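Okay, so here's the structure we're looking at.
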C-alpha cells in the first residue's frame with residue numbers, strides 16, 4: 001500500500017519539476033530557463049546545468065556542460081573551484097582579458113574537447129569527408 005503512494009508522490013514531484021523547466025538528463029539535471037550569468041549561455045553547479053531557453057536544444061553546449069558535471073564529480077567542490085578559479089585568476093594576473101582567460105582554463109578546454117567528440121561539425125556543402 002505504501003509503494004503506490006510513494007510512486008505517486010515521486011511522479012507528481014517530477015511533473016512539478018518539468019513545469020518549472022527542470023528535467024533529468026542521464027546522470028544530471030538540466031534547468032531550462034534557470035539562472036545564468038550575463039554573457040553566458042549556461043552554467044553548471046555540481047549536477048545541475050542551468051541553460052538559457054534560446055540555446056536549450058544546442059547539443060554541443062549540453063555536451064560541454066555534461067563534461068563539467070563529470071569534472072565536478074571527479075574533483076569535488078573544493079577541487080573544481082580551486083582548479084577553475086585558480087586557472088582563470090592566474091591568466092588574468094598574466095594580463096589576459098576576461099574572454100582569453102576563460103578560454104585558457106584547462107577545465108574549459110577539456111569540456112570543449114568532450115563536446116567536439118560528441119557533436120562533430122557538419123561538413124560544408126560540397127565538402128569532402130568529415
(request) Kindly check whether there is at least one residue in region 8-15 that is modelled with pLDDT of 85 or more and either over 30 Å from residue 79 (Cα atoms) or surrounded by 11 or more Cβ atoms within 10 Å (Cβ to Cβ) (or both). (result) no
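Does region 66-75 include one or more residues that are assigned to a helix (DSSP H, G or I), exposed (fewer than 12 other Cβ atoms within 10 Å of the Cβ) and modelled with pLDDT of 95 or more?
yes
The values are calculated or read from the model by the stated rules, or taken from the named source; none is laboratory data. Note that the structure is predicted; figures quoted are calculated from it, not measured. Cβ atoms come from the backbone with ideal geometry, glycine included; neighbour counts cover every protein chain shown.
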